[in-house]
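Asker: Following this message is one structure expressed as structure tokens.
Just so it is clear, none of the values below were taken in a lab; they were calculated from the coordinates. Remember, predicted model here, so these are calculated numbers, not experimental data. Quick reminder, even Gly has a Cβ in these numbers, built from the backbone with ideal geometry, and neighbours come from all protein chains shown.
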Amino acid sequence: MENNVPSYRKIIHIDMDAFYASIEQRDNPDYRGKPIAVGGSPQGRGGVVATASYEARKFGIRSAMPSKKALELCPQVIFVRPRFEVYKAVSVQIRSIFERYTDLIEPLSLDEAFLDVTNDKQNIGYAIDIAKAIKLSISQELKLTASAGVSINKFIAKIASDMNKPDGLTFIGPSKIQSFVDALGVEKFFGVGKVTAEKMKGMGLHTGADLKRLTESELIRHFGKTGKFYYNIVRGIDDRQVQPHRETKSISAEDTFPYDLKDLDEMYEAVDTLSKIVYERIMRHGVKGRTLTLKIKYHDFKQITRSQSLPQPFADWETIRTTGRRLLQSTDLEDKRVRLLGIGVSNFETTEQTGTGGQLKLDYL
Ligand code: DCP
Ligand code: MG
């Protein structure tokens, strides 16, 4: 029989709501209905908030906010010490719910995953129904809520899951994709960091529709290799597969500066910022790595890396930051102009001792 209907993939992105905080509220009735912040230290003595309950978010408390600031915004906020082992165990439970429907599961962090349900195990056929069933199981069996995004590719599904949080279910069908992407702010595009977003805005490019007016070669000229990716994504095209066996071997963050850094203080500051991003990602992934690597690219594109391993995993921002600074100090920066700095943590306890090979950048987190 003739069939002119294009065959689309069915992709679901699931992201748990206020993950660490919801687990703490579930397990401790005293915290329910109250503003709580997981991580950070009480009395605002230091540290940053990993996540906040929705009650705390009403006061403006957010992930990565210094606990001092959180306390200023909401003096009655309760700081709760994180229990990573519990979060990991819940993550495994969530995974086993996903596995009832598909084996094509790509976790992005403890609380977030892509699922390809094009051929679901139970022959349900409708991705929206599968997303509903998953949400129901998470709610009934784990007493937690998740938000789901359903579409035909990863990019749109991920943005959709964030649109109606908490407890949301958002479907963006093929006919809606183009208008959706047209209206999307450039900073929402995959891989667009702060620097690129500023550059785009400086060029008068604010939305997907603006980007779409550029040819592929213009995009590549202005934004390098990623330009090709932008070209497709603003047309709603994203062919990236859901990759079930991707193993995270290192977590890193890097920044190419709008101008070459010559000032040491500026470089140290950049190391501090990158360390913070890496620390947040480590927290999110619940991984423990013992090796820290600093990457430097000079103005002439010459690149060096320096690493240091510790007997204990890197588990706090301060240690990452001071080690990163020490590694920077150990390099010869006289007369050198720096165009890129990167910080990465590898040598995870959960994986085999693979060193720094197979670098994977998680720049969409
Ligand atoms: N996390 C962290 N530091 C960050 C961001 C997140 O430690 N800067 C941790 C705590 C979160 C978990 O990762 O609970 C999941 O991150 P999300 O970004 O999905 O945030 P939440 O699940 O907490 O909230 P939301 O409902 O917005 O998804
Ligand atoms: Mg979440």
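Asker: Taking the Cβ of LEU73 as the center, what net charge do the other residues with Cβ under 11 Å away carry, scoring Lys and Arg +1 and Asp and Glu -1? Write down the numbers at each step before the final one.
Answerer: Numbers: positive: ARG57, LYS58, ARG62, LYS68, LYS69; negative: GLU72.
Its environment carries a net charge of +4.
Asker: What chymotrypsin sites (Phe, Trp or Tyr not before Pro) in the stretch 213-321 are in a loop by DSSP, with at most 10 other Cβ atoms within 10 Å of the Cβ? Walk me through the intermediate numbers first.
Answerer: On the way: sites: PHE223, PHE229, TYR230, TYR231, TYR259, TYR268, TYR279, TYR298, PHE301, PHE314, TRP317; in loops: PHE301, PHE314.
Sparse-neighbourhood loop chymotrypsin sites (Phe, Trp or Tyr not before Pro): PHE301.
Asker: Work out, step by step, the length gained on full extension between SER139 and GLN76: first 0.36 nm times the residue separation, then minus their alpha carbon distance; give nm to one decimal. The partial results should precede the final answer.
Answerer: Working: separation 63, 0.36 × 63 = 22.68 nm, distance 2.83 nm.
Answer, rounded to one decimal: 19.8 nm.
Asker: I've got another one for you. Select from the stretch 211-247 those GluC sites (Glu not before Pro) which occupy a DSSP coil region and have at most 12 other Cβ atoms within 10 Å, ordered by residue number.
Answerer: Details: sites: GLU216, GLU218, GLU247; in loops: GLU247.
For GluC sites (Glu not before Pro) across the stretch 211-247 that sit outside H, G, I, E and B with at most 12 neighbouring Cβ atoms in 10 Å, the list reads GLU247.
Asker: A follow-up question, please. Need the full-extension length gain, SER217 to ASP265, defined as separation in residues times 0.36 nm minus the C-alpha distance. One decimal, nm.
Answerer: On the way: separation 48, 0.36 × 48 = 17.28 nm, distance 3.72 nm.
Fully extending the segment from SER217 to ASP265 adds 13.6 nm.
Asker: OK, next. Computed FRET efficiency, Cβ-Cβ of ASP272 and SER41, R0 22 Å: what is it to the nearest 0.05? Write out the running numbers ahead of the final one.
Answerer: On the way: r = 19 Å, r/R0 = 0.86.
After rounding, the FRET efficiency stands at 0.70.
Asker: Which of the GluC sites (Glu not before Pro) found in the stretch 11-104 are loop residues per DSSP with 15 or fewer other Cβ atoms within 10 Å of their Cβ?
Answerer: Qualifying residues, ordered by number: GLU99.
Asker: Also, quick follow-up: So, with +1 on the Cβ of K and R and -1 on the Cβ of D and E, and no other charges, what is the size of the charge dipole of the chain about its Cα centre, to the nearest 20 debye? It would help to have the intermediate numbers written out before the result.
Answerer: On the way: 54 positive and 47 negative charges, 41 e Å.
Here the size comes out at about 200 debye.
Asker: Further, regarding this structure: Using the membrane-span-like helix rule (whole DSSP H runs, Cα extent along the own axis of at least 27 Å, mean Kyte-Doolittle hydropathy at least -1.0), which helices of the chain qualify? Intermediate values should be presented prior to the final figure.
Answerer: Numbers: long enough: 264-285 (31 Å, -0.32).
Length and hydropathy pass: 264-285.
Asker: Take SER330 and LEU310, extend 7 Å from each Cα along the Cα→Cβ direction, and tell me the distance between the two endpoints in nm.
Answerer: 1.4 nm
Asker: Please compute the length gained on full extension between LYS165 and VAL92, using 0.36 nm multiplied by the number of residues separating them and subtracting their Cα-Cα distance.
Answerer: Values: separation 73, 0.36 × 73 = 26.28 nm, distance 2.21 nm.
Roughly 24.1 nm would be gained on extension.
Asker: At most 11 other C-beta atoms within 10 Å and a DSSP loop state: those are the exposed trypsin sites (Lys or Arg not before Pro) I care about. Give me the longest piece of the chain that has none. Before the final figure, lay out each step's value.
Answerer: Values: sites that count: ARG45, ARG213, LYS225, ARG246, LYS302.
Counting only loop sites that pass the neighbour cut-off, the longest clear stretch is 46-212.
Asker: How many nm is it between the label spots at SER175 and ARG26, if each spot is 7 Å from the Cα in line with the beta carbon?
Answerer: Each label point is offset 7 Å from its Cα along the Cβ direction, giving 3.8 nm.
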